[in-house]
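Dumping the structure here so I can ask a few things about it.
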Amino acid sequence: MKKCDIIIPIYNSPEWVKMCVYAVFKNTPNEVIGKVILMNDNSDKVTCNCIENLRKKYPEKIEVYKNEENLGFIKNVNKGFKQTNAEYVLLLNTDCLLSTNTIPKLIEHVEKNNKIGLICPISSNAANISLDIFENYSYMQMNDLLYRNFKGQCFDACTVVGNCLLITRECLEKVGDLDEIYGMGYGDETDYQFKAHSKGFEAKVAIDTYVFHKSEVSFGTSKEKQQRVDANRKIFFDRWGKEYNERMAIYEKNDPIKYIKENLKIEKKPEPDVLFFLPDIVQTAGGVHIVVDIVNYLNINGVFANILTERMHKYDEIMIFSPTFMKNINQIKPKCIVGTVYPSMYFCSAIGKHFNIPVINFMQGYEPCFENGRPYEWAELACKSSQNILAISNFLKDKCKNNFDKEATVIPNGINTDLLFNNEVSTSETKRITMVLRDNYAKGDFILTEILKQLTLLKYKLEINVVHMTDVLFPINNNPDVTINKIKGPITRKQISALLNSSDIYIDSSLMEGFGLTALEAMAAGAVPIMSESFGIGEYAKDSVNGFIIKEVNNSDKYIEKVEELLTNEDLLRNMKQEAQKTALEFDFDKKVDMYIDYFRNVKIEDVKLTEFEEKEIQKWIVDEQNIFNKKQPETTIDVNPYVSKKRKLYIRFLGLFPKSLKTKVKNFLRKLINE
């Protein structure tokens with residue numbers, strides 16, 4: 001079989017680099033892949049670490065080339081061209097995700113018409129060949145939809161796009177490189193297309209193939225960028241203006257996007273294999289990030305997953321699907337429903353009953369202890385009445401069994417080790433410590449602030465990163481050898497990764513963790529965690545081996561003792577870092593995705609047995625199925641910046657589904673939960 005080399009030009013944005021490479025290997029037959037060439041254009045340290053981790057993960061296919069200075073997109077790609085020798089070459093942006101058999105489908109078009117020199121798919125963001133992801137769909141479902149409707153069809157391209165562009169070897173050899181007159185980029189691939197036309201090649205758009213494209217992840221947006229675009233447009237139109245206008249006139253009469261919209265047939269409602277219910281998608285909630293990650297990666301693997309939500313807040317992480325809003329719940333037909341916190345289980349039970357599908361309680365924390373234990377019965381009944389429980393730690397599984405006589409399946413939390421694993425060894429005399437204040441008594445903020453004060457009294461050179469969600473009056477620091485970096489949250493996961501990558505020690509005094517994800521992320525990044533003995537951390541933490549576990553959780557002196565032990569013993573610090581990173585590799589998120597796939601493909605409807613008293617008590621919390629499906633849902637609003645006012649009101653529309661007597665209690669709980 002003819003092979004395709006894949007060139008991925010990289011400048012920063014490691015989170016996209018990881019997902020892009022992951023999608024390449026998941027959605028392309030191995031026999032089609034020649035080389036995956038990662039062209040590192042002098043990226044930052046976090047990205048370089050990510051690239052090295054990916055090279056180690058896929059050693060037989062990945063080749064890495066690094067520029068010692070930033071050359072820009074065009075020169076970087078041209079260097080990549082020189083490393084290829086396959087029959088086909090795919091130029092792929094880091095923020096572009098391949099779908100099932102993208103490359104084989106593009107090759108199939110070319111082999112039916114040997115005049116084709118360049119061909120690209122439809123994507124979510126690609127100038128005049130853009131098609132937005134439909135609500136309730138993922139990009140993979142969009143690909144399936146187009147393939148079912150338009151298999152084997154392609155259109156003449158007015159302008160191809162370089163985010164995902166297949167070039168034949170013959171075209172590459174006759175046309176040559178991208179023209180470096182276009183500087184850092186924009187217009188270069190269109191110029192290349194018109195040169196190819198002049199040499200007898202055709203350029204096509206495959207309308208049976210769809211990929212996800214975020215757009216401008218590396219370039220960003222700025223006045224300078226717009227000036228570059230304007231200058232490059234002038235170069236292009238001075239060269240090709242007449243030919244372009246002629247082709248555009250023909251293209252407008254045969255527009256592939258217009259053709260798709262006019263001829264697309266959707267035979268049935270979207271049927272997500274997995275539907276998670278999150279009342280709000282918001283940046284500040286760690287559990288939300290985990291759910292979004294699971295949904296993203298399930299979709300890349302061809303398991304159609306989505307999130308049912310009421311409100312979409314400002315969210316700065318990757319989402320490769322379009323959520324389903326409550327008002328459109330009748331427009332989908334899920335195969336299973338997943339509750340993400342105990343109040344949502346009553347709601348999910350009603351959905352499960354309506355569709356006759358399995359209901360899953362995704363337990364990320366020991367919920368009866370939430371809110372200082374006030375909602376214990378509410379959370380206990382949610383657990384006892386759950387058909388299926390999916391827990392993130394054996395601690396939670398044991399609690400379900402011992403306290404509530406409920407069996408749970410465990411899939412331990414995973415971390416993206418490709419992004420976090422730190423390949424560099426710090427030689428700095430100044431040691432860096434990171435901690436996060438989460439504005440939550442149960443997370444031990446009061447202990448962390450006391451630890452912070454005691455750190456300023458030590459006689460060591462320290463740089464302390466303190467992430468804080470609300471305004472905090474920090475302890476007074478009179479020590480010139482200690483620097484405190486106050487970082488106002490919420491911050492992105494990329495930012496926290498960068499902080500952990502630069503740290504030697506991570507301190508966490510939380511009193512309640514279902515798993516304790518950040519401490520494990522710190523391990524991957526090469527920071528030794530000093531952790532309170534808090535619930536689920538025993539899943540990975542080994543005292544005095546890969547970190548320190550503090551049993552006297554509210555005694556700040558015990559944390560300081562371990563800090564000093566690490567600061568005064570370089571060998572101990574180095575050895576514990578190495579052990580911590582070994583542990584972290586066992587929890588690579590890629591491995592956990594396979595476990596989720598297997599779980600959701602085999603989950604079934606299960607009988608629930610409750611005592612007579614529990615049956616009576618649970619009636620107080622039951623959500624009326626009729627309220628969900630027969631009641632007109634209010635219009636969903638999008639809060640683009642929910643952090644501007646501390647006094648903002650949070651309206652949770654699914655409150656209307658609960659009895660009036662419970663509205664205040666549910667509302668207060670959710671307000672605090674989401675703010676945390």
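The values are calculated or read from the model by the stated rules, or taken from the named source; none is laboratory data. The structure displayed is predicted, hence computed values, not measured ones. Every residue, glycine as well, gets a Cβ built from its backbone with ideal geometry; the counts of neighbours run over all protein chains shown. When the accessible area is computed, the model is the full protein with side chains, heavy atoms only, and any ligands, DNA or RNA have been set aside. Shrake-Rupley method; radii C 1.70, N 1.55, O 1.52, S 1.80 Å.
Give me the helices (runs of 4 or more DSSP H) completely within the range 358-429, filtered to those with at least 2 residues that are open to solvent by 30 Å² or more (accessible area, probe 1.4 Å), ordered by residue number.
376-384, 394-404
Let me ask you something else. Determine if the range 348-355 includes at least one residue that is within 27 Å of the chain's Cα centre (by Cα), hydroxyl-bearing (Ser, Thr, Tyr) and buried (at least 21 other Cβ atoms within 10 Å of the Cβ).
no
Please verify whether ASN78 is open to solvent by less than 20 Å² (accessible area, probe 1.4 Å) and farther than 30 Å from ALA249 by Cβ, treating the condition exactly as stated.
yes
Which is farther than 30 Å from CYS348 by Cα and of a type outside the set (A, V, I, L, M, F, W, C), of GLU371, GLU380, GLU367, GLU450?
Checking each option against the conditions leaves just GLU450.
I would also like to ask the following. Looking at the range 259-273, can you tell me whether even one residue there is closer than 30 Å to PRO358 by Cα and open to solvent by less than 20 Å² (accessible area, probe 1.4 Å)?
So far as the range 259-273 goes, yes, one or more of its residues are closer than 30 Å to PRO358 by Cα and open to solvent by less than 20 Å² (accessible area, probe 1.4 Å).
Return yes when GLY489 is buried (at least 24 other Cβ atoms within 10 Å of the Cβ) and in contact (Cβ under 8 Å) with a residue 12 or more places away in the chain and no when it is not.
no
Which number in (1) closer than 20 Å to GLY286 by Cβ; (2) of a type outside the set (A, V, I, L, M); (3) surrounded by fewer than 24 Cβ atoms within 10 Å (Cβ to Cβ) marks the one condition that GLY516 misses?
The single condition GLY516 does not satisfy is (3).
Counting residues that are within 27 Å of the chain's Cα centre (by Cα) and either at positive phi or not charged (D, E, K, R) (or both), which helices (runs of 4 or more DSSP H) fully inside the range 494-601 reach at least 2?
517-525, 570-585
Here's another thing I want to ask about it. Would you confirm, using the coordinates I've provided, whether LEU165 is in contact with a strand residue (DSSP E or B) (Cβ under 7 Å, 6 or more places away or on another chain), of a type outside the set (Ser, Thr, Tyr), in a strand (DSSP E or B) and at negative phi?
Considered against the rule, which asks whether it is in contact with a strand residue (DSSP E or B) (Cβ under 7 Å, 6 or more places away or on another chain), of a type outside the set (Ser, Thr, Tyr), in a strand (DSSP E or B) and at negative phi, LEU165 comes out as yes.
If I ask for residues that are open to solvent by 10 Å² or more (accessible area, probe 1.4 Å) and free of Cβ contacts under 8 Å to residues at least 60 places away in the same chain, which ones from the range 160-176 would you list?
VAL161, GLU170, GLU173, LYS174, VAL175, GLY176
How about the range 183-214: which of its residues are aromatic (Phe, Trp, Tyr), modelled with pLDDT under 95 and in contact with a Lys or Arg (Cβ under 7 Å, 6 or more places away or on another chain)?
TYR186
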